[in-house]
1. Collect the residues in region 197-226 that are free of Cβ contacts under 8 Å to residues at least 40 places away in the same chain, surrounded by 11 or more Cβ atoms within 10 Å (Cβ to Cβ) and not in a loop (DSSP other than H, G, I, E, B), keeping them in residue-number order.
2. Hey, does region 169-183 have a residue that's part of a loop (DSSP other than H, G, I, E, B) and within 23 Å of the chain's Cα centre (by Cα)?
3. Scan 101, 96 and give me the residue that is more than 14 Å from residue 15 (Cα to Cα), touching a helix residue (DSSP H, G or I) at 6+ places or on another chain (Cβ under 8 Å) and exposed (fewer than 14 other Cβ atoms within 10 Å of the Cβ).
4. Of the residues that sit in region 18-31 and are without any contact (Cβ under 8 Å) to a residue 60 or more places away in the chain and surrounded by 15 or more Cβ atoms within 10 Å (Cβ to Cβ), which one is nearest to the chain's Cα centre (by Cα)?
5. Go through region 45-58 and give me each residue that's part of a helix (DSSP H, G or I) and either touching a helix residue (DSSP H, G or I) at 6+ places or on another chain (Cβ under 6 Å) or surrounded by 13 or more Cβ atoms within 10 Å (Cβ to Cβ) (or both).
6. If I ask for residues that are without any contact (Cβ under 8 Å) to a residue 24 or more places away in the chain and not in a loop (DSSP other than H, G, I, E, B), which ones from region 70-113 would you list?
7. If you check residue 136 against the conditions, is it modelled with pLDDT of 95 or more and either surrounded by fewer than 14 Cβ atoms within 10 Å (Cβ to Cβ) or on the phi > 0 side of the Ramachandran plot (or both)?
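The values are calculated or read from the model by the stated rules, or taken from the named source; none is laboratory data. Computed from a prediction, not measured in an experiment: that's the story for all the values here. Reconstructed Cβ throughout: ideal geometry from the backbone, glycine too, with neighbour counts over all protein chains shown.
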């Protein structure tokens, strides 16, 4: 796995910069905490995996892509993500603007949800409602944990209301299994919104250029794209949030 990852970094450098030389080698050594000798062996191994067509040259310890040549990377290597590669290779010249991160749920909460799912036992949660005006103890039967739109929530059967719903894990103040009035666990078999999928449509707004929509969002010639999601998760994808800029697309249920 480690070698496949190192070879992936070499391949990414060739694709993105057309070379893998001393500067790239130094950055990779620092990132993966390996020696110069290890990277040099990987470099030779990578070169040996390429087609013998002259598209890539190895001269003076430097791999270089020939002019107008196309690099076909070997199978089985693990390329880094684009943002990871940029972060390492550009350093302070790569700027990441991130949205404020949500608070992570407590390990106690995650542990209780995990145990409830695994043991098929309902768990009581001390939960703060969306209004934030009250907190109540209620029994729930979680059947899945979901990370969507930057937050963790549990998909549960809510015994108090007799229906399935979502509970944001950071709003759970405490959990307990030690109550005599605990109901029987209810699994996901009757959760229709979880088992069924719906079509969600990304559409270009009126008067927005179609070329921009195709390039930025992968929209088709009509200025739209359709994908399928679980119905229970669809509300989190509907694009009605203020994002600090006027988005050229809207997202809605079909």
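1. The initial filter retains those residues of region 197-226 that are free of Cβ contacts under 8 Å to residues at least 40 places away in the same chain, namely 197, 206-207, 209-226.
From the residues that got through so far, the ones that are surrounded by 11 or more Cβ atoms within 10 Å (Cβ to Cβ) too are 197, 209-210, 212-214, 216-217, 219-220, 223-226.
Of everything in region 197-226, those that are free of Cβ contacts under 8 Å to residues at least 40 places away in the same chain, surrounded by 11 or more Cβ atoms within 10 Å (Cβ to Cβ) and not in a loop (DSSP other than H, G, I, E, B) turn out to be 197, 210, 212, 213, 214, 216, 217, 224, 225, 226.
2. Kept after step one, since they are part of a loop (DSSP other than H, G, I, E, B), are these residues of region 169-183: 177-183.
Checking which are within 23 Å of the chain's Cα centre (by Cα) leaves us with none.
Checked region 169-183: no residue is part of a loop (DSSP other than H, G, I, E, B) and within 23 Å of the chain's Cα centre (by Cα).
3. When all the criteria are applied, what remains is 96.
4. As a first pass, look at region 18-31 and keep what is without any contact (Cβ under 8 Å) to a residue 60 or more places away in the chain: 18-23, 25-26, 29-31.
From the residues that got through so far, the ones that are surrounded by 15 or more Cβ atoms within 10 Å (Cβ to Cβ) too are 18-21, 25, 29, 31.
Working: 18: 28, 19: 29, 20: 29, 21: 31, 25: 28, 29: 26, 31: 22 Å.
Once the filter is applied, the top-ranked residue is 31.
5. Those that are part of a helix (DSSP H, G or I) and either touching a helix residue (DSSP H, G or I) at 6+ places or on another chain (Cβ under 6 Å) or surrounded by 13 or more Cβ atoms within 10 Å (Cβ to Cβ) (or both): 45, 46, 47, 49.
6. 82, 83, 84, 86, 87, 90, 91, 92, 93, 107, 111
7. Details: modelled with pLDDT of 95 or more: no; either surrounded by fewer than 14 Cβ atoms within 10 Å (Cβ to Cβ) or on the phi > 0 side of the Ramachandran plot (or both): yes.
So residue 136 fails the test.
Residues checked against (1) over 30 Å from residue 174 (Cβ atoms); (2) surrounded by 14 or more Cβ atoms within 10 Å (Cβ to Cβ); (3) touching a strand residue (DSSP E or B) at 6+ places or on another chain (Cβ under 6 Å); (4) at pLDDT below 90:
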{"site": "34", "(1), (2), (3), (4)": "yes, yes, no, no"}
{"site": "60", "(1), (2), (3), (4)": "yes, no, no, yes"}
{"site": "74", "(1), (2), (3), (4)": "yes, yes, no, yes"}
{"site": "105", "(1), (2), (3), (4)": "no, yes, yes, no"}
{"site": "108", "(1), (2), (3), (4)": "no, no, no, no"}
{"site": "119", "(1), (2), (3), (4)": "no, no, no, no"}
{"site": "129", "(1), (2), (3), (4)": "no, no, no, yes"}
